[in-house]
Amino acid sequence: MLIEKGVRIEQPKVSVIIPSFNCAKYISQAIESVINQTYKNYEIIVIDDGSTDNTQAIIKPYLNKIRYFYQTNQGVSEARNRGLDLARGELIAFLDADDLFLPHKLQEQVAIFEQQPKIGIVNSGFRVIKENGDAVMDVEPWHEIPDLTPEVWLLHKPVLPSAMMFRREWFDRVGGFNTRFFSSEDVEVTLRMVIQGCQGTWLPKITIKYRRHQNSVTWKSTLKQAKNSEEMQDYFFSRSDLPKSIRKLENQARFYHFSWLAWLCYQGGLPSQMAQYLEKSQQCAPYSWVEIIARWLNTFENCAKIYACEFDVYALSNLPEWQQALAHLKVLPLLKHYESKIAQVQQLLAYQPEQSEITLYGQTYFQLGQKLITQKELEGAIICLRQATELVPDNAEYQNALAEALQERYDLAEAIAIYRQAIRLQPEVEQFQQNLGQALQLQHRWQKLTDYCQQMLQASEEMPHHPSSAKPLKILMIFPFPPYPPQKGGAAIRMFEQIKYFGSRHHLTVVALIFTEEDYVIEEQLACYCERAFMVKIGFPMSAYQAERHQQLYFLKTWNMWKTLEQLSQIDFELVLFDFIVSTVYYPLFAEHFTILNEHNIESKLLQRCAELNNQAIITELAQEVDAAKPFLNAQREAQLLAEYENQTWCKFALRSVVSQDEQQELDRRCRSGKTLVVKNGIDTKTIVLVDNSQASKILFMGTMSYVPNIDAVIYFVEQIFSQIQSTNPALSLCIAGREPPSIIENLARANSNIEVIANPTDMSEVARDCRIAVVPLRLGSGTRLKILQALAMGLPVVSTSLGCEGLEVIDGQHLLIRDRPHEFAEAVLQLNCDRSLRDKLRQNGRDLVESQYDWSNIFSLYEQEILQQLKKDF
């Protein structure tokens, strides 16, 4: 049935489409709100979707001012699509039949389209009204989300068709509303536009009245609507054309969507379904338990306001289904301790409380926030501390505590602003000034990072690069430990040599965790080897510690490192290299890049060997003094946890490297996908030369002395081997040289005058000139030992255990001596000390071996060739 009378003949600029189903009570008000617009170049299209009330009679007086079409009931998506087919305007405004335009709505939104031709959507705020028209609240989303980026559309979904205006061409491009969805169909079509490049902006004004009443679509068939909305979400994320920036937000988006569906079920009287959706949201939540609960409550409260519903947090908290949802979170007993007080606060704030009561509850939130910080629950702590400052805004201590927590989360701009507020309240407190100074220094470092990222992005736009070309690659290297100076030990040597080689041939960016303020100088020290180096002092862990987490994986995943790498992930690096398994906690940021994992050791194997030695008493003592010993505490448990993580993580990398064939075989046995290369350890044969030690008489052990395998080796050598050597030749002395020797090593020299400890030597060659023999009595380890290669390069004959020289292409009696039993090891040392011809033989053969097989330049050249071949293949 078509009735079309008195229609304007001029071409309208705006088509206002009003879909209607049984809205006779309100539709005249909707039409009048369009007629009363200050902007007049429009047409009104009413699509009656099979109404069975007296809609037609109500419409009749307006037939000379509208275009009216009737169809059998097919749903709102089909009704809107019918309106789009009939629309003649270049701009589209939808108006639900029970909503109202405010008089300037069209004029002000059209003006933005005319000023900004690239804009495809103009959004605005709305006034929630009750069924009788009484105002409930104004919703002004632009305060929280000022920029309508694709990420904002996905996470916040600020979609209310009546408050929006669209450029018609975008509906033509994406094909209109998907009639499969009767719930969230407006969100789905908007997201479809956005991921195809449609730009949106705000008209920061209230432009409509949005009516909430029991006949609204939201309350009809609640469960059916929830399931359909869930299907829409699954459909959207099944798309193959989603940008990387959208794909990586999937879990966060699902969390908010499921939380909204949980509220929908709660309001619709379906508490069991509410609990199910809360559990689904928890399963994909990238938040701590405190943050999850807070976001659930905020969602429920905000939805209740927007939908003009009553919300009683106390009644919700007493629902068995709500308590069931909290049980799934494994909530800490701490929450139970405070939850009654927090519930009282929420009820207290519903009326005007006494100031003394507010002060009391502010203190409760402050104490809870401080407690959560000690338990590494940073996000929960921020929520509580923020509540404390809102309750008692003139308490400088609360302000400072909140700023400290925000600084730990690397929200530096907000932290600085709140530190300044604390200083305004109590300018005499010196600690507040110091805290502000530290935050400003971090902000300066952050600004340098963001400036660098911007430069790199601009350079990429000006000169796009094809990975298969012969031009230098843009490479990012991520290290969980300082890669400089090389005197720090074997791992630092390998990392530094890798930086030197690739930095001389490619555009290299380096990011590394450091552990002291002094190590920031490494940025300058590496400046001549790479384009830019960023050192990040280890910060606050991103989640509360859980017993099922490997310790290093937990402590090395920090807020400041995550946000640093998140910034860098914007750059189109052709290659991202992770060194050590523990650095892969940041892999999700680079899942869309070509990534390589460089394994210096199979770390779980090292921990397992430590557990088998049963030396936990020594390690426990060491851990009191040496942080590097802490990963070896509970070695059996840590080995198992790390092995499980390795098995899950190795398969994510198409290319991996290890330092020996033994480890290649083990990794390939445990991970059937991808390719594993052997990239041997090496030595810089140009700078390390044969030492003149013809007059030397000492035995040398060299290595990083804060490293548990080296500490164990020295103690084992002194207690079970050196005593046998001294009984035969008391004149022989032992030199232990390396960085950061703990007291347990230094005490060896105090107890025996024939033992000396040289801490933090600047040049190991100078130490080696006084030594005749090098010993490597390792009982723990994985990978290959650079200390052996260094000794061979300097011309020191070596006595090693089998494990000490594991993975190296050495032959017993030709390049070094291999002995595993204490008395045999002692005899080999004594033999070398007496047999000059044997020393000379090993000296020459060892040097020849490292020159021919273990030169860093040759090793990394072969590695580079493998990488380039893989890049060409994958591209």
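Any idea how many residues of the range 595-608 are open to solvent by 30 Å² or more (accessible area, probe 1.4 Å) and either without any contact (Cβ under 8 Å) to a residue 60 or more places away in the chain or under 18 Å from Lys474 (Cβ atoms) (or both)? Reasoning before the result, please.
We begin by selecting, within the range 595-608, every residue open to solvent by 30 Å² or more (accessible area, probe 1.4 Å); these are 603, 605, 608.
With the extra rule that they be either without any contact (Cβ under 8 Å) to a residue 60 or more places away in the chain or under 18 Å from Lys474 (Cβ atoms) (or both), the set shrinks to 608.
Selection size over the range 595-608: 1.
Looking at Glu809, Glu827, which is the one that is buried (at least 18 other Cβ atoms within 10 Å of the Cβ) and among the acidic types (Asp, Glu)? Steps first, answer last, please.
Values: Glu809 fails: buried (at least 18 other Cβ atoms within 10 Å of the Cβ).
From the options Glu809, Glu827, the qualifying one is Glu827.
Any idea which of Ala774, Ala759 is buried (at least 18 other Cβ atoms within 10 Å of the Cβ) and either of a type in the set (A, V, I, L, M) or without any contact (Cβ under 8 Å) to a residue 12 or more places away in the chain (or both)? If you could, list the steps in order and put the result at the bottom.
Working: Ala759 fails: buried (at least 18 other Cβ atoms within 10 Å of the Cβ).
Step by step, each of Ala774, Ala759 is checked, and only Ala774 is buried (at least 18 other Cβ atoms within 10 Å of the Cβ) and either of a type in the set (A, V, I, L, M) or without any contact (Cβ under 8 Å) to a residue 12 or more places away in the chain (or both).
Which one of Ser782, Ser765, Ser857, Ser800 is open to solvent by 10 Å² or more (accessible area, probe 1.4 Å) and either at pLDDT 95 or above or more than 27 Å from Gln726 (Cα to Cα) (or both)? Please lay out each step first, then the result.
Details: Ser782 fails: open to solvent by 10 Å² or more (accessible area, probe 1.4 Å); Ser765 fails: either at pLDDT 95 or above or more than 27 Å from Gln726 (Cα to Cα) (or both); Ser800 fails: open to solvent by 10 Å² or more (accessible area, probe 1.4 Å).
Of the residues listed, the single one that is open to solvent by 10 Å² or more (accessible area, probe 1.4 Å) and either at pLDDT 95 or above or more than 27 Å from Gln726 (Cα to Cα) (or both) is Ser857.
I'd like to check which strands (runs of 3 or more DSSP E) are fully inside the range 609-703 and have at least 3 residues that are open to solvent by less than 10 Å² (accessible area, probe 1.4 Å) and in contact (Cβ under 8 Å) with a residue 60 or more places away in the chain.
Working: elements: 655-658, 675-678, 698-702.
Answer list for the range 609-703: 655-658, 698-702.
Take the residues in the range 250-302 that are within 13 Å of His156 (Cα to Cα) and hydroxyl-bearing (Ser, Thr, Tyr); name whichever of them is farthest from the chain's Cα centre (by Cα).
Thr299
Among residues belonging to the range 28-60 that are out of contact with any helix residue (DSSP H, G or I) (no Cβ under 8 Å at 6 or more places or on another chain), part of a helix (DSSP H, G or I) and at pLDDT below 95, point out the one that is surrounded by the most Cβ atoms within 10 Å (Cβ to Cβ).
It comes out as Gln56.
For every residue, the table says whether it meets (1) closer than 21 Å to Glu151 by Cβ; (2) aliphatic (A, V, I, L, M).
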{"residue": "Arg254", "(1), (2)": "yes, no"}
{"residue": "Ser259", "(1), (2)": "yes, no"}
{"residue": "Ala262", "(1), (2)": "no, yes"}
{"residue": "Gln267", "(1), (2)": "no, no"}
{"residue": "Pro271", "(1), (2)": "no, no"}
{"residue": "Ala275", "(1), (2)": "no, yes"}
{"residue": "Gln282", "(1), (2)": "no, no"}
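Taking only pairs six or more apart or across chains, which ones have beta-carbon atoms under 6 Å, a first residue in the range 384-412 that is within 28 Å of Met561 (Cα to Cα), and a second residue that is of a type in the set (A, V, I, L, M, F, W, C) and open to solvent by 40 Å² or more (accessible area, probe 1.4 Å)?
Close Cβ pairs (under 6 Å, with a partner that is of a type in the set (A, V, I, L, M, F, W, C) and open to solvent by 40 Å² or more (accessible area, probe 1.4 Å)) amount to Leu412/Trp446.
Residue check, Asp98 against (1) acidic (Asp, Glu); (2) surrounded by fewer than 21 Cβ atoms within 10 Å (Cβ to Cβ); (3) farther than 19 Å from Trp202 by Cβ, all met but one. Which one?
Just one mismatch for Asp98, condition (2).
Could you tell me whether Leu203 is in a helix (DSSP H, G or I) and open to solvent by less than 20 Å² (accessible area, probe 1.4 Å)?
On the way: in a helix (DSSP H, G or I): no; open to solvent by less than 20 Å² (accessible area, probe 1.4 Å): yes.
Answer is no for this residue.
Do you know which residues across the range 548-581 are closer than 14 Å to Ala643 by Cα and open to solvent by less than 10 Å² (accessible area, probe 1.4 Å)? First the steps, then the outcome.
Here is the first cut: in the range 548-581, the residues closer than 14 Å to Ala643 by Cα are 548-553, 580-581.
Answer for the range 548-581, where residues must be closer than 14 Å to Ala643 by Cα and open to solvent by less than 10 Å² (accessible area, probe 1.4 Å): His550, Leu553, Ile581.
Tally time: how many residues in the range 498-557 are charged (D, E, K, R) and modelled with pLDDT under 90? I'd like the intermediate steps shown before the answer.
Of all residues in the range 498-557, those charged (D, E, K, R) come to 500, 505, 517-519, 523-524, 531-532, 537, 548-549, 557.
Pick out the ones that are also modelled with pLDDT under 90 and you get 548-549.
Total meeting the criteria: 2.
So how many residues does the range 393-424 have that are farther than 17 Å from Glu377 by Cα, open to solvent by 40 Å² or more (accessible area, probe 1.4 Å) and either assigned to a helix (DSSP H, G or I) or of a type in the set (A, V, I, L, M) (or both)?
Residues flagged as farther than 17 Å from Glu377 by Cα, open to solvent by 40 Å² or more (accessible area, probe 1.4 Å) and either assigned to a helix (DSSP H, G or I) or of a type in the set (A, V, I, L, M) (or both) within the range 393-424 amount to 7.
Taking the range 820-854 on its own, how many of its residues are within 30 Å of Ile721 (Cα to Cα) and in contact with a Ser or Thr (Cβ under 7 Å, 6 or more places away or on another chain)?
Residues flagged as within 30 Å of Ile721 (Cα to Cα) and in contact with a Ser or Thr (Cβ under 7 Å, 6 or more places away or on another chain) within the range 820-854 amount to 3.
Against the conditions (1) surrounded by fewer than 14 Cβ atoms within 10 Å (Cβ to Cβ); (2) at pLDDT 85 or above, where does Lys224 fall short? Just the number, please.
Only one criterion is unmet by Lys224, namely (2).
How many residues does the range 366-407 contain that are under 21 Å from Ala544 (Cα atoms) and either of a type in the set (A, V, I, L, M, F, W, C) or in the same structural domain as Pro286 (by the TED database) (or both)?
At the first step, the residues of the range 366-407 found to be under 21 Å from Ala544 (Cα atoms) are 366-387, 401-407.
Subset that is either of a type in the set (A, V, I, L, M, F, W, C) or in the same structural domain as Pro286 (by the TED database) (or both): 366, 368, 372-373, 378, 381-385, 401-403, 405-406.
So the answer is 15.
Just checking, does the range 721-739 include any residue being buried (at least 22 other Cβ atoms within 10 Å of the Cβ) and out of contact with any strand residue (DSSP E or B) (no Cβ under 9 Å at 6 or more places or on another chain)?
There is no residue in the range 721-739 that is buried (at least 22 other Cβ atoms within 10 Å of the Cβ) and out of contact with any strand residue (DSSP E or B) (no Cβ under 9 Å at 6 or more places or on another chain).
Within the range 287-308, which residues are at pLDDT below 75 and not hydroxyl-bearing (Ser, Thr, Tyr)?
Correct list: Trp289, Val290, Glu291, Lys305, Ile306, Ala308.
The values are calculated or read from the model by the stated rules, or taken from the named source; none is laboratory data. Since the structure is predicted, the reported quantities are computational estimates derived from the model, not experimental observations. Every residue, glycine as well, gets a Cβ built from its backbone with ideal geometry; the counts of neighbours run over all protein chains shown. For accessibility, only protein heavy atoms count, side chains too; no ligands or nucleic acids. Shrake-Rupley method; radii C 1.70, N 1.55, O 1.52, S 1.80 Å.
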